[in-house]
Amino acid sequence: MRVKLRLMVIIVGVFILSGCGLTEEEALQEIEETVVTTFETNYEEPNQTFNSFAMFLPEQFTVVEESESNLIIEGNNQMFILFYNTLEDQTSDFFYLSAEATDTYTLLESYETDEQFSYVSVTGADEDYELQVGVGGVRITTQTDLKKLEANFTDMVTMLNSIEFTE
């Protein structure tokens with residue numbers, strides 16, 4: 001009797017725990033549903049200045065390396081690569097069209113206003129996803145898992161929306 005009870009408790013526990021995990025479809029749907037509101041509402045004042053621009057970096061993020069058109073940023077125990085092209089303005093869709101041409105994305109969504117063109121691209125499967133977010137001539141990319149996908153998306157949009165070019 002005790003063995004059956006223990007077995008039943010274990011089986012119920014496994015079902016509960018497996019039901020708590022986020023599926024790929026759910027994670028991508030959350031991003032897809034929040035693209036517009038995330039790009040419209042996540043604005044912060046810049047708190048860091050670099051060669052060509054100023055931008056907001058969340059408290060837990062630090063710049064590891066800066067080069068002519070890249071920043072390597074570390075935050076939340078992962079790396080982010082920010083690439084910027086000062087020749088492309090905020091309404092440029094160049095990076096979006098490049099992502100679209102690869103045809104390897106799991107999710108590709110865009111958002112456009114008169115002032116800017118923004119997009120999010122997710123590629124990969126299983127445990128390893130590449131998340132790329134772009135606004136005009138600036139894009140930021142990271143490798144992430146499903147659990148961090150939406151939080152990383154929000155952090156990345158917040159950083160990109162804060163960029164003010166100085167040149």
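Read-outs: derived from the displayed coordinates by stated rules, not from any lab. These numbers were taken from a predicted model, which means no experiment stands behind them. Every residue, glycine among them, receives a Cβ derived from its backbone with ideal geometry; neighbour counts consider all protein chains shown.
General remarks:
- Percentage relative contact order, the chain, counting C-alpha pairs under 8 Å, at least six apart: 25
- The chain - mean residue ellipticity at 222 nm from DSSP helices (-39,500 (n - 2.57) per run, n ≥ 4, rounded to 500): -12000 deg cm²/dmol
- Rounded to the nearest 20 debye, dipole of the chain from Cβ charges on Lys, Arg, Asp, Glu: 1280
- Label-to-label distance, Ala101 versus Glu127, with points set 7 angstrom from Cα along the beta-carbon direction: 3.4 nm.
- For the chain, the longest principal axis of the Cα atoms and the long axis of helix 24-41 meet at an angle of about 40 degrees.
- Shape descriptor for segment 23-165: Rg over Rh equals 0.93 (Cα atoms; Rh from the Kirkwood inverse mean 1/r).
- Placing +1 on the Cβ of every Lys and Arg and -1 on the Cβ of every Asp and Glu, with nothing else charged, gives segment 75-121 a dipole about its Cα centre of roughly 300 debye.
- Taken along the Cα-to-beta-carbon direction at a fixed 7 Å, the label points for Glu112 and Gln143 span 3.4 nm.
- √(5λ) per eigenvalue of the Cα gyration tensor, segment 26-80, largest first, Å: 25, 15, 11
- Crossing angle, helix 2-20 versus the chain [Cα axis fit, 0-90 degrees, rounded to tens]: 20
- Residue ranges 63-70, 109-116 sort as 109-116, 63-70 when ordered by packing (mean number of other C-beta atoms within 10 Å per residue, highest first).
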